[in-house]
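Where a number appears in this text, it was derived from the coordinates with a stated rule and is not lab data. Note that the structure is predicted; figures quoted are calculated from it, not measured. Here Cβ is always computed from backbone atoms with ideal geometry, including for glycine, and neighbour counts include all displayed protein chains.
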Amino acid sequence: MRADLLSEPIAGLDEALAAVDGFDQALVAGLLRPQPAQAAGLTELAHAVAGTPLAARVAEAAEKTAAGAASEDHFIALAAARTALLGSVHDALVSRLDEAFGRTRSEETAPQAAERQAANLLVAARSWLSDLARSGWQGIDHDVISGSAQVVSAMLPDPALRRLATLLDGFAAELAASCPGTSLERVPVRRWGDLWSRAMLLTLPGAAEEPATGTATGRLLPLGVDLQEHATAVQAQVHAVFEPVGGAVSRVVRASVSVPKPDTVVGAGLWQLLRPHMSLLAALGEGRSMDLVGMPVTAEGDLVWSDEQARPGEPADAFATARVALPTATDAVTAPLDRHPARIAVPVFLEGYVAQTDDDALSFAVAGHPLIVDTDRIPSAGPLTPEAVAASGACIGLLRWDAGTYRVQPLAVETTVRKKAVAIHAGGWAGGTTDKAGVKAEKAATDAVAVLRERAGRLLRK
């Protein structure tokens with residue numbers, strides 16, 4: 001590993017992010033009647049893509065918007081330029097990461113979805129997003145936000161529009177909780193810019209179509225699980241190495257499961273909600289591989305999980321997989337709309353580092369170069385703790401990029417407990433546990449779910 005490469009500056013990175021920030025600041029006050037500072041941000045965005053196929057459209061869009069005469073097509077061009085710039089940042093960061101770890105990335109292109117005629121609902125969604133851009137984040141009020149409700153309600157029954165509908169629904173709810181915009185002390189500028197530009201591009205015909213899938217037959221070797229929890233939902237994303245039958249090149253893949261949850265179910269109890277939907281979690285907790293037969297998989301390496309096409313395999317140690325199989329596995333391609341720095345989550349293996357704590361911040365000194373450890377991402381639903389990470393000598397993690405630097409999110413570590421070498425996994429309780437804390441949390445979750453089901457049954461009977 002070339003740890004020094006992760007701390008070296010990347011040419012053009014700061015300039016690209018500055019252009020994105022300039023446009024995002026223009027969105028704060030709104031694009032109905034842009035002031036000189038906002039117009040400068042629009043011009044900077046246009047200059048940043050001057051050498052690309054977007055140049056002419058974005059230059060026209062910036063000029064029209066600065067004059068207060070922008071149409072919906074102009075807003076789409078600006079959203080495309082912003083997305084392209086963040087995509088270039090994503091690519092530069094991933095290339096540097098690949099160089100540092102000696103990784104190989106797939107050269108195939110994510111297939112484009114077939115276009116279909118623009119639906120009236122897509123036009124309605126685009127109109128609402130354009131009104132939102134004209135109002136700006138400081139100009140939002142409940143009248144502006146309410147314009148999305150009818151569009152979202154009409155979209156949700158259509159599976160082809162549900163992706164955009166879900167995004168619009170969550171975005172509108174977040175904006176509504178922040179109304180009125182004039183009273184906001186702090187605006188989440190980058191986040192709302194991300195949501196607005198992604199939603200705007202998803203209104204284009206075909207942009208939200210599901211990606212084409214192939215099939216995977218072979219052995220799946222789990223590395224670890226990333227658990228993401230929300231007040232009303234939870235997702236487990238298992239990162240693994242897939243070895244196809246026939247000796248083809250192995251590849252890095254993901255398998256995800258998401259379920260709704262009551263806010264009273266937390267900690268180890270979350271696994272009770274997830275287990276029934278994915279047998280892979282039980283195999284992960286038991287330290288076993290999975291044998292796949294005809295499992296659907298996208299070009300991006302996402303397994304469309306089906307328990308009918310998987311069965312438990314032989315025991316498989318995650319650290320053996322990380323040491324032997326991961327370095328030679330090919331990383332998947334990233335779809336155009338998903339090329340964003342926040343989406344970077346590359347499985348890596350680290351060892352031979354020295355853990356250091358400075359001002360309560362943990363880092364790994366790898367060959368003398370510090371790598372920040374993101375302990376805030378360690379879930380409470382497993383036995384892995386920041387203390388165990390700090391005492392570790394080897395780590396399987398996800399390398400991310402946040403706040404201008406690379407960070408590692410631990411998924412599992414090798415450490416010493418009572419003079420004995422042990423492996424501790426964030427998903428160690430995924431298949432069940434005998435740990436006292438885990439058992440207690442599981443029981444509490446069982447009781448909470450039972451009460452909720454009883455109440456729901458009572459309401460239905462009425």
For region 350-447, what is the relative contact order in percent, using Cα pairs closer than 8 Å and at least 6 residues apart in sequence? 23
Neighbour-count ranking for His340, His425 (other C-beta within 10 angstrom, fewest to most) reads His340, His425
Rounded to the nearest 20 debye, dipole of the chain from Cβ charges on Lys, Arg, Asp, Glu: 1200
With a cut-off of 8 Å between alpha carbons and a minimum separation of six or more residues, what is the relative contact order of region 213-331 in percent? 32
Just going by the charge dipole of region 336-399, with Lys and Arg at +1 and Asp and Glu at -1 on Cβ, which of Cys395, Val354, Ile344 is farthest out on the positive end? Ile344
If you wrap a convex hull around the alpha carbons of region 6-156, what volume per residue comes out, as a whole number of Å³? 162
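Once the convex hull of the C-alpha atoms of region 287-335 is built, how many Å³ does it hold per residue, rounded to a whole number?
Value for region 287-335: 91 Å³ per residue.
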Per the Kirkwood formula over distinct C-alpha pairs, the hydrodynamic radius of region 362-462 in angstrom is 16.0
Given Cα pairs under 8 Å that are at least 6 residues apart, what percent is the relative contact order of the chain? 15
Can you tell me what percent of all Cα-Cα pairs in region 213-331 are more than 23 Å apart? 28
Near the amide H of Thr104, under 5 Å away, which other amide H atoms are found, from residues 5 or more places off or on another chain, if H is placed in the peptide plane? Asp331
Both in Å, the radius of gyration and Dmax of the C-alpha trace of region 116-259 are 19.3, 62
What is the fewest-to-most order of Val266, Val413 by other Cβ atoms lying within 10 Å of their Cβ? Val266, Val413
What value, in deg cm²/dmol to 500, does the helix sum -39500 (n - 2.57) over DSSP H runs of n ≥ 4 give at 222 nm once divided by the residues of the chain? -12000 deg cm²/dmol
What whole-number volume per residue, in cubic angstrom, does the convex hull of the C-alpha atoms of the chain give? 176
At q = 0.12, 0.16, 0.18, 0.24 Å⁻¹, what log₁₀ I(q)/I(0) does a Debye calculation on the Cα points of region 340-414 give, no solvent, two decimals? -0.28, -0.51, -0.66, -1.18
First measure r as the distance between the Cβ atoms of Glu15 and Ala450, then evaluate 1/(1 + (r/R0)^6) with R0 = 45 Å and state the FRET efficiency to the nearest 0.05. 0.20
Where the centre of each part is set by its Cα atoms, how far does region 410-434 sit from region 264-334, in angstrom? 17
